[in-house]
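In what follows, a structure is listed as structure tokens, so that the remarks can point back to it.
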Amino acid sequence: MSTKNTAPKYNYPHRHLLGIDGLSRDDVYAILDVAEDYVEKNRQLDKKHPLLKGRTLINLFFEDSTRTRTSFELAGKRLGADVINMSVSNSSVKKGETLIDTAMTLNAMHPDFIVVRHPESGAPELLARKVNCAVINGGDGSHEHPTQALLDALTIRRHKGKIEGLKVAICGDILHSRVARSNMKLLTLLGAKVHIVAPPTLMIACPEAYGVTPFHDMRKGISDCDVVMTLRLQTERMNGSFVPSNREYFHFWGLDREKMAHAKPDAIILDPGPIIRGLQIDSELADDIERSVILDQVEMGVAIRQAVMHLLNPHEKI
Ligand code: NCD
């Protein structure tokens, strides 16, 4: 199977991007292929492309974010849109306004895109039912973070030339991670073999429902893998303690050189960030330019978000 969608014109069939669920392989390859063009454009001195001139993008973030919010903002601005960043800390949500009322208020201003990040799983879907514009999920609870999985797939494809047939280990707090859920769906859709590696307290109940293989031993889980992805302990989603201590967690579940030696010699390391050095990954390994592609992920993030808006833009079809 080709890694590139060769169809000259691909009629992207969706109005929103709420999750990886519902996307076909062709949809995904269309997004990755459009993103490739933006990667090149973003490396030029002039990074602007007026595709979304006159359009309005609202970033509605009910949770903290560095990478996702700034890259959506940059993506919108590079495409010529007007971009509004709303953070909940200085909005009427603080006064008790509901998500729907906030959404209806913003909708009355005729935005073309709303990017929403919310601590509750399902919030973007609810919003999409109420507003007239395209809704993009910027991460909802432990549910999905589709643009993160797409930028991870683009990063992997650029380093390995393909995704189908690769062995990918996703390690850490699988239970609370929307990044893990979107990646399990996307990577299996594209034909990768996915291992999930976590202590029993941070493992999901039904790995078989995702078509992935669970491991409780990190060395076995990353053995012979082409890609190793580490994840942060999502303490903000934990009720009580899920690990005995940070030291013990790093000993068993932190990625270091010794554990990494079990992966393929040319295996790459991904992490969606924020990286907590010395907890999910050893600091020296996170900075190892031979192995770590963490900053490439950040670069791909802007291009993927441009590609998603490009394809969702109602008046622009490739
Ligand atoms: C992730 C998120 O918010 O889900 N980060 C991100 O978007 N880059 C992962 C995390 O917060 O640990």
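Numbers for the structure displayed
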| item | result |
| --- | --- |
| Extreme residue, surrounded by the fewest Cβ atoms within 10 Å (Cβ to Cβ), among residues of the stretch 55-69 that are within 16 Å of the ligand (Cβ to nearest atom) and polar (S, T, N, Q) | T66 |
| Check on A30, away from the ligand (no atom under 16 Å from the Cβ), under 19 Å from the mean Cα position of the chain (by Cα) and at pLDDT 95 or above | yes |
| Filtered residues of the stretch 274-318 (kept if within 11 Å of the ligand (Cβ to nearest atom), surrounded by fewer than 19 Cβ atoms within 10 Å (Cβ to Cβ) and at pLDDT 95 or above) | V298 |
| Checking V115 against (1) touching a helix residue (DSSP H, G or I) at 6+ places or on another chain (Cβ under 7 Å); (2) within 28 Å of K53 (Cβ to Cβ); (3) away from the ligand (no atom under 16 Å from the Cβ); (4) not charged (D, E, K, R), the condition it does not meet | (3) |
| Residue, surrounded by the most Cβ atoms within 10 Å (Cβ to Cβ), within the stretch 138-165, restricted to residues that are of a type in the set (D, E) and under 19 Å from G301 (Cα atoms) | D152 |
| Residue match in the stretch 44-51 (condition: more than 17 Å from the chain's Cα centre (by Cα), surrounded by fewer than 14 Cβ atoms within 10 Å (Cβ to Cβ) and touching a residue at least 40 places away in the same chain (Cβ under 8 Å)) | no |
| Failed criterion for D140 (all others in (1) within 20 Å of V28 (Cβ to Cβ); (2) within 12 Å of the ligand (Cβ to nearest atom); (3) out of contact with any Pro (no Cβ under 8 Å at 6 or more places or on another chain); (4) without any contact (Cβ under 8 Å) to a residue 60 or more places away in the chain hold) | (3) |
| Residue tally, condition surrounded by 19 or more Cβ atoms within 10 Å (Cβ to Cβ) and in contact (Cβ under 8 Å) with a residue 60 or more places away in the chain, over the stretch 70-86 | 7 |
| Residue among V308, V243 that is over 24 Å from the mean Cα position of the chain (by Cα) and within 24 Å of P119 (Cα to Cα) | V243 |
| Top-ranked residue of the stretch 190-243 - restricted to ones that are closer than 12 Å to G172 by Cβ and among the small types (G, A, S), ranked as surrounded by the most Cβ atoms within 10 Å (Cβ to Cβ) | A198 |
| Among the residues listed as V179, V135, V115, V168, the single one being touching a Cys at 6+ places or on another chain (Cβ under 8 Å) and crowded, with 20+ Cβ neighbours inside 10 Å | V168 |
| Selection from the stretch 246-261 of residues that are modelled with pLDDT of 95 or more and surrounded by fewer than 18 Cβ atoms within 10 Å (Cβ to Cβ) | D256, R257, E258, A261 |
| Enumeration of residues in the stretch 7-42 that are touching an Asp or Glu at 6+ places or on another chain (Cβ under 6 Å) and basic (K, R) | none |
| Test: residue in the stretch 121-132 that is part of a loop (DSSP other than H, G, I, E, B) and either within 12 Å of the ligand (Cβ to nearest atom) or closer than 30 Å to V194 by Cα (or both) | yes |
| S142 within 30 Å of D226 (Cβ to Cβ) and either in contact with a strand residue (DSSP E or B) (Cβ under 8 Å, 6 or more places away or on another chain) or modelled with pLDDT of 95 or more (or both) | yes |
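The values are calculated or read from the model by the stated rules, or taken from the named source; none is laboratory data. This structure is a prediction, so every number in the text was calculated from the model and none was measured. Cβ atoms come from the backbone with ideal geometry, glycine included; neighbour counts cover every protein chain shown.
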